[in-house]
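First the structure, in the form of structure tokens, and then the observations on it.
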Amino acid sequence: MTRDRQRILEGAIALVLFGLTIPAANWMIGNVGTVCVPNGPCLVPVWPGIAAPSGVLMIGLALVLRDIVQRRLGPAFGVAAILIGTAISAMIAPAAIVTASVSAFLLSELADFAVYTPLQRKRFVTAVFASGVVGLVVDSVVFLYLAFGSLDFLAGQIIGKIWMILLALPLMHLLRRRDEKLGLVAA
């Protein structure tokens, strides 16, 4: 397989997985957790004594996958992924929180894009971490404020999302090293 075909294939896979994180997050919130609150979210422990809605795990992963889409396919595809993800979020979010879900997704992914883009060429792993942290804070604050008018669950939201970013960092390091070895150029 040529380097360009490999780069495009990996970007397409990341794009599909990115799109799937949104319905997965919505499904998990209602179905996966150690405790499911009646008429509320299912919660998972993210730290001793701190729980968060289980969907936060997928949102942390979405931030990393969008970075990979941009690395493999370029900034235009990174922005397209954000817009597609926003549309998916609007279509599947429960009516009561659609504005919060769409706003949080759009603003957090744009914040991730703004931080990742200037850093990624020279400091890929740092860019993934820094942009992910910025994105997850924006996502958490916007969503909680718009959906519930409160930031009471902010710590759980942030911790849950950061776990996924931290778990992805060793893979991002391996990806960067493989890219260098194979001469794959980021788009």
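Read-outs throughout are calculated quantities, based only on the coordinates presented, and are distinct from any laboratory measurement. As the structure is a computational prediction, the values presented were derived from the model and not from experiment. No Cβ is skipped: glycine too gets one built from the backbone with ideal geometry, and neighbour counts run over all protein chains shown.
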Problem set entry | Mean projected area (nm²) of the alpha-carbon convex hull when the stretch 3-182 is viewed from all directions | 9.7 nm²
Exercise. Restricting attention to the stretch 85-187, which trypsin sites (Lys or Arg not before Pro) occupy a DSSP loop and are surrounded by at most 14 other Cβ atoms within 10 Å?
Worked result: R121, K122, R123
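I need to check one value: relative contact order of the stretch 3-182, counting alpha carbon pairs closer than 8 Å and at least 6 residues apart, in percent.
This gives 23 percent for the stretch 3-182.
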Seminar exercise, completed: the chain, Gaussian network, Cα under 10 Å: of P41, P118, P23, the residue fluctuating most is P118
Exercise. Can you put T21, T86, T2 in order, fewest other beta carbons within 10 Å first?
Worked result: T2, T86, T21
Seminar exercise, completed: Here, W27 and I13, labelled 7 Å along Cα→Cβ, have an inter-label distance in nm of 2.0 nm
For this session: Sort W163, W47 so the one with the fewest other Cβ atoms within 10 Å of its own Cβ comes first.
Result: W47, W163
